[in-house]
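Structure, as structure tokens:
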Amino acid sequence: MDLILLRVIFVGLVTVACYVIQPFSLPHEWDAGVGLTIGLAIILFETRVRLISLKRLIGAAIGSVLGILGAYLFSLVLRNSLSPGNTQSFLQLLVMLLMAYVGLAVGANKGELLNLAALGGIFGAEKQQKKSYKILDTSVIIDGRIADISETGFLDGIIVIPQFVLRELQMVADSADGLKRNRGRRGLDILQKLQKAATLNIQIVEDDFPMVREVDLKLIELAKVYEGKIVTNDFNLNKVAQLQGVEVLNINELANALKPIVLPGEIMRVFILKEGKEYSQGVAYLDDGTMVVVDNARKMIGKTIDVSVTSVLQTTAGKMIFGKFDERSSQRGPAVVPAPTAAPASLPAQEAAANSGE
């Protein structure tokens with residue numbers, strides 16, 4: 001709030017000074033308008049400079065100084081080559097602007113190559129002061145798993161929530177569709193949970209890009225400004241961000257990576273929930289939702305059995321495990337024990353108990 005007040009006072013002073021002094025020899029109102037424009041342009045430049053690292057600032061300063069020095073040498077050549085006049089003045093001004101711009105752009109771009117730590121003092125802390133930003137999108141907030149991941153401490157740095165994402169989330173929560181409304185309210189609850197976590201650094205930013213309409217594209221532009229990573233589970237946003245050189249943390253990819261690894265030939269114990277598409281197949285699910293398709297297990301629906309893994313298939317939707325149930329080995333070995341408690345929550349306890357008694 002203090003910074004906003006300071007900016008308003010600065011713009012007001014520039015406007016009043018132009019109104020009183022009339023530096024452009026225009027009517028008072030026109031001079032005040034020009035002063036207001038200049039003040040707003042300076043504020044815009046200041047907000048952009050605040051986001052730039054110290055290395056880029058030093059590189060830009062060095063590059064602009066070298067560019068102006070080169071422009072001065074070029075102007076000496078033009079002065080001796082051309083007769084005095086408007087053409088000579090224009091070329092000298094053009095060369096100065098060109099060299100200053102090129103030096104500023106190239107210096108800022110190559111500034112990250114500077115090793116300020118070698119200078120010691122305040123420059124040595126530049127690398128340690130660089131913050132890590134994780135920018136959340138709407139889908140990952142509604143998903144809810146980001147809260148559990150953040151509590152484990154695996155998500156470090158500053159968690160950024162853009163204001164335009166909050167607006168989109170509020171629109172979903174106010175939707176006339178009941179399903180969308182519940183999803184939006186769930187997202188707002190997840191945000192409250194994140195803000196209450198003492199170990200998390202949550203930052204809501206006002207940065208917006210009025211020229212960009214799509215929220216996904218706004219997220220990409222914001223990630224470029226903050227040099228941060230986008231946290232999402234949106235497949236399309238993931239691909240578009242990677243094409244534009246923005247790093248993405250995909251929650252779905254993390255979930256797939258954490259699923260248990262099984263190898264062909266291993267024995268695993270599963271609860272057969274329903275029949276499969278093919279004849280004599282049974283289908284089971286692991287605790288993480290991984291589907292297990294078991295041959296010769298259609299008769300064992302509602303029971304817990306030992307199956308031998310035959311293959312593992314990795315798909316875009318996740319991982320599928322294929323296994324085989326050997327009825328003869330199960331008869332020779334320990335008896336199959338019904339396990340009604342292993343049934344998923346969607347299967348009533350009475351039905352599980354009835355099946356286990358068959």
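The values are calculated or read from the model by the stated rules, or taken from the named source; none is laboratory data. These numbers come from a predicted model, not from an experiment. In this analysis, Cβ positions are derived from the backbone assuming ideal geometry, glycine residues included, and neighbour counts consider all displayed protein chains.
Tabulated results
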| read-out | value |
| --- | --- |
| Condition check for M291: within 28 Å of S139 (Cα to Cα), aliphatic (A, V, I, L, M) and touching a Gly at 6+ places or on another chain (Cβ under 9 Å) | yes |
| K180 being under 14 Å from the mean Cα position of the chain (by Cα), over 30 Å from K303 (Cα atoms) and surrounded by fewer than 18 Cβ atoms within 10 Å (Cβ to Cβ) | no |
| Filtered residue count, region 248-278, keeping only those that are of a type outside the set (S, T, N, Q), at pLDDT 85 or above and either touching a helix residue (DSSP H, G or I) at 6+ places or on another chain (Cβ under 6 Å) or over 21 Å from D295 (Cβ atoms) (or both) | 6 |
| Of all residues making up region 229-256, the number that are among the small types (G, A, S) and either surrounded by 13 or more Cβ atoms within 10 Å (Cβ to Cβ) or in contact with a Phe, Trp or Tyr (Cβ under 8 Å, 6 or more places away or on another chain) (or both) | 2 |
| T15 vs. criteria surrounded by 14 or more Cβ atoms within 10 Å (Cβ to Cβ), within 29 Å of V205 (Cα to Cα) and polar (S, T, N, Q) | yes |
| Selected residue (only one of D2, D31 is surrounded by 17 or more Cβ atoms within 10 Å (Cβ to Cβ) and among the charged types (D, E, K, R)) | D31 |
| Residue within region 257-269 that is of a type in the set (D, E), surrounded by 12 or more Cβ atoms within 10 Å (Cβ to Cβ) and closer than 21 Å to V165 by Cβ present | no |
| Hey, I52 within 25 Å of K131 (Cβ to Cβ), outside the structural domain of G228 (by TED's automatic domain parsing) and at pLDDT 85 or above or not | no |
| Matching residues, region 233-262, being of a type in the set (G, A, S) and over 21 Å from I142 (Cβ atoms) | G245, A257 |
| Every pair of residues 6+ apart whose Cβ atoms lie under 6 Å, when the first sits in region 226-239 and is under 16 Å from D207 (Cβ atoms) while the second is surrounded by 21 or more Cβ atoms within 10 Å (Cβ to Cβ) and of a type in the set (G, A, S) | I230/A223; I230/A241 |
| Residue tally, condition charged (D, E, K, R) and more than 17 Å from N233 (Cα to Cα), over region 142-172 | 3 |
| Selection within region 279-322 - assigned to a strand (DSSP E or B), in contact (Cβ under 8 Å) with a residue 24 or more places away in the chain and of a type in the set (A, V, I, L, M) | M291, V292, V293, V294, I305, V307, V309, V312, M320, I321 |
| Failed condition for G276, given (1) under 15 Å from D326 (Cα atoms); (2) of a type outside the set (S, T, N, Q); (3) without any contact (Cβ under 8 Å) to a residue 40 or more places away in the chain | (1) |
| Out of G178, G157, sole residue that is at positive phi and either modelled with pLDDT under 90 or not assigned by TED's automatic domain parsing to the domain that holds V231 (or both) | G157 |
| Conditions (1) in contact (Cβ under 8 Å) with a residue 60 or more places away in the chain; (2) part of a loop (DSSP other than H, G, I, E, B): number failed by I135 | (2) |
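Here's the yes/no breakdown for (1) assigned to a helix (DSSP H, G or I); (2) over 30 Å from N238 (Cα atoms); (3) modelled with pLDDT of 80 or more:
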position	(1), (2), (3)
G59	yes, yes, yes
S75	yes, yes, yes
V95	yes, yes, yes
A100	yes, yes, yes
G107	yes, yes, yes
E112	yes, no, no
V140	yes, no, yes
